[in-house]
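The structure appears below as structure tokens.
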Amino acid sequence: MSNPSLLILAGDGIGPEVMEQVKRIIGWYGDKRALTFDVSEDLVGGAAYDAHGVPLHDDTMAKAQEVDAVLLGAVGGPKYDDLDFSVKPERGLLRLRKEMDLFSNLRPAQCFDALADFSSLKKDIVAGLDIMIVRELTSGVYFGEPRGISVIDNERVGVNTQRYTESEIARVARSAFELAKKRGNKVCSMEKANVMESGILWRDVVNEVHQADYADVELSHMYADNGAMQLVRAPKQFDVILTDNLFGDILSDCAAMLTGSLGMLPSASLGLPMANGRPKALYEPVHGSAPDITGQGKANPIACILSFAMALRYSFDQGAEADRLEAAIEAVLASGARTADLMGPEGGTPMSTTDMGDAILAALDASV
Ligand code: IPM
Ligand code: MG
């Protein structure tokens, strides 16, 4: 059997810095756990634009379709703000999501014990928090047609379309129910069925899928605005949150901040099974390219490393090794190790990106 394959697209800003630490972790698994990956690397986002004039080259897209999993760093930066919309760095990421058909975006928001004091919310509201947002990622207003800016009656009109088909809703609902069965067995679906027809359909289809195949999972519905409020009021009421592309974008940033730092949150974007049974998959940290700290060795690599842990779990059936990596990170945080984004009011000297990588590797060494 050949080794599983990974395509690394480190991208822009802090993407390459945090990915450097992930590459060391991947190397560790090869050396110490006989889990060797065939790793290739390519460009995405602004880095691809600089080289090819497009945020994702066709050859890179083709490679992404062939590998077992893609690991992505981050895209975008002020240098690219004035580019034409069609070649903005974000378009590269959106093309990957769309063409790989990565409809189910898993965004866990977990509060590490050692960081419960870092949340902007009171400790007892977030301590022990463990929720999973399942965001639809290939449809809705991000991709709906018609779209564009045109001139009507002598003024400019901007249009985007929120559009969902039954099958698009059903497949992401299934993935949320399947996940819930392995967790707390609860799904809360969020839309705006009070004002949007697409929300009414969303609610109907989620109910149908539930009744047909997942009646044993506890299902509730919430308007997305109330969902945002509940997330900051009493987030521990949730287990799995199922929602569409745009609401999921917003609610997942909100959930992320509950945990204390955006620098901690991984994500997995999954599609249909490939011929080898593994799902089409892309893993990326939820944080962006953080241009303000790029190149200073300050970035927290944990979100990107946890994204690799998700790859071990969801692409490579290595749940025990994913547990090992997550436990190593937890141990490092418990020991007081902190990058700049995790410095509390008491201050102290933050460690560098590479130091954090060193500490996690040492904790991994100690685990075998
Ligand atoms: C995210 C990001 C992206 C999105 C951007 C970079 C296109 O905010 O992954 O949440 O809006 O989906
Ligand atoms: Mg976002």
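Where a number appears in this text, it was derived from the coordinates with a stated rule and is not lab data. In this text the structure is predicted, and so the values were computed from the model without any measurement. With ideal geometry, Cβ positions are generated from the backbone for all residues, glycine too; neighbour counts draw on all protein chains shown.
What the table shows:
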{"item": "Orientation-averaged projected area, Cα convex hull of the range 252-368 (nm²)", "result": "8.5"}
{"item": "Computed [θ] at 222 nm, deg cm²/dmol, the chain (DSSP H ≥ 4; -39,500 (n - 2.57); rounded to nearest 500)", "result": "-13000 deg cm²/dmol"}
{"item": "Cα-projected label distance for Ser335 with Ser352, points at 7 Å along beta-carbon direction, nm", "result": "1.8"}
{"item": "The range 145-219-the range 337-368 distance, computed between alpha-carbon centres (Å)", "result": "39"}
{"item": "Range of Cα positions in the range 120-259 per principal axis (Å), largest first", "result": "55, 40, 23"}
{"item": "Förster radius 35 Å - calculated FRET efficiency between Ala320 and Thr161 (Cβ-Cβ, nearest 0.05)", "result": "0.20"}
{"item": "Full-stretch length increase - Leu272, Ala215 - with 0.36 nm per residue and alpha-carbon distance subtracted", "result": "18.2 nm"}
{"item": "Within the chain, percent of DSSP bridges classed antiparallel, to nearest 5", "result": "45"}
{"item": "Rg and Dmax of the range 177-303, Cα atoms only, in Å", "result": "16.8, 53"}
{"item": "The range 328-368: projected area of the alpha-carbon convex hull, averaged over directions, in nm²", "result": "2.7"}
{"item": "Chain lengthening between Lys122 and Phe143 when straightened (0.36 nm per residue, less Cα-Cα)", "result": "3.8 nm"}
{"item": "Between the range 237-297 and the range 21-90, the alpha-carbon center distance in angstrom", "result": "16"}
{"item": "Equivalent ellipsoid semi-axes, the range 150-232, via Cα gyration tensor eigenvalues times 5, rooted, Å", "result": "31, 15, 10"}
{"item": "Debye intensity ratio in log₁₀ form over the Cα atoms of the chain, taken at each q of 0.11, 0.13 Å⁻¹", "result": "-0.77, -1.09"}
{"item": "Of the trypsin sites (Lys or Arg not before Pro) in the range 122-194, those whose Cβ has at most 10 other Cβ within 10 Å and which sit in DSSP loop", "result": "Lys122, Lys182"}
